[in-house]
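The values are calculated or read from the model by the stated rules, or taken from the named source; none is laboratory data. A quick note: this is a predicted structure, and the numbers were derived from the prediction, not measured. Here the Cβ is made from the backbone with ideal geometry for all residues, glycine too, and neighbour counts use every protein chain on show. In case anyone asks, the SASA skips ligands and DNA or RNA and just uses the protein heavy atoms, side chains included. Shrake-Rupley method; radii C 1.70, N 1.55, O 1.52, S 1.80 Å.
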Amino acid sequence: MDDPWIWLAVGIAGTLAALAPLWLRARQRSKAARALDQLDTLSTWPPEPMRVLDVHERLALQALNRALPHHLILAAVPLAGFLNVPRRHSYTEWLKRVGHLSVDLMVCDSSSQVVAVVLLRKPNDTAKRLRRAERIVRVLEAARVRVLVWPAAALPSPDEIRESLRPAPRAAPLPGSPASAPPESSAG
């Protein structure tokens, strides 16, 4: 057993034995991928139109339209439709994580800038839907988008809606801070 060729052959055989399951798994995956590629999208998944908004979303949309007649109100907008993210990391990965999630309603000003997003808490919300909503809120807060969470069973009045969308008052500068100091005279 002192022959180095025997040890080389044993090493190669061991390596091949270890890699064989990986090769078989990759081959099976590629067969599955090829099988999916050969499916016709329209015949395999025949599309049918569906209702875009449920009753709670329609009522909230009507409330927003009454309260904000000069705003653009959009429904079921995916995050990728109004958020931009840096591309230094995989955009596809971001889309898989949160880009496909959507908000219930979006309020935009007359120039289509996002003013706020409305998420509805419905009586039959599952734990999964609540986790998804929390994730959406975290992403929107990071993007500095105002998020309004309304209970679907108790929508705010038009006056309450307008009040919730008023710009937050600016904090007064602290006495002695540069912003509160009188402007210097340029005469000299």
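With everything on Cα atoms, drop me the angle between helix 4-37 and the longest principal axis of the chain, reported from 0 to 90° to the nearest 10.
50 degrees
Calculate the spin-label point distance for ARG27 paired with LYS96, positioning each point 7 Å from the Cα along the beta-carbon direction, and give it in nanometres.
According to this spin-label approximation, the distance is 2.6 nm.
Which value in nm describes the separation of the simple spin-label points at LEU72 and GLU160, placed 7 Å from the Cα toward the beta carbon?
Each label point lies 7 Å from its Cα, and together they span 2.8 nm.
Ignoring ligands, DNA and RNA, what percent of the accessible area of the chain is carbon or sulfur (1.4 Å)?
C and S atoms contribute 59 percent here.
Mind grabbing the accessible area of TRP94 for me, 1.4 Å probe, Å², rounded to tens?
About 50 Å², ignoring ligands and nucleic acids.
What list of ³J(HN,Hα) couplings, whole Hz, do you get for segment 42-57 from phi and the Karplus terms 6.51, -1.76, 1.60, once you set θ to phi - 60° and write x for glycine and proline?
So the J values, rounded to whole Hz, are 6, 7, 7, 10, x, x, 9, x, 9, 5, 7, 10, 7, 4, 5, 5.
For segment 72-145, what is the accessible area per residue in Å² when the probe is 1.4 Å?
Values: 4510 Å² over 74 residues.
Ligands and nucleic acids excluded, the figure is 61 Å² per residue.
Rounded to whole Hz and in sequence order, give me ³J(HN,Hα) for segment 126-138 from the Karplus expression 6.51 cos²θ - 1.76 cosθ + 1.60, θ = phi - 60°, writing x for Gly and Pro.
Couplings: 8, 4, 5, 5, 5, 5, 4, 5, 4, 5, 4, 4, 4 Hz.
For LEU119, enumerate residues with amide H under 5 Å from its amide H, sequence gap 5+ or separate chain, H modeled in the peptide plane.
LEU148, VAL149, TRP150
Hey, got the Cα dimensions of the chain along the principal axes, in Å, largest first?
That gives 95, 65, 30 Å along the principal axes, largest extent first.
So what's the back-of-envelope 222 nm ellipticity for the chain, counting only DSSP H runs of four-plus at -39500 (n - 2.57) apiece and dividing by all residues, rounded to 500?
For the chain, the value works out to -13000 deg cm²/dmol.
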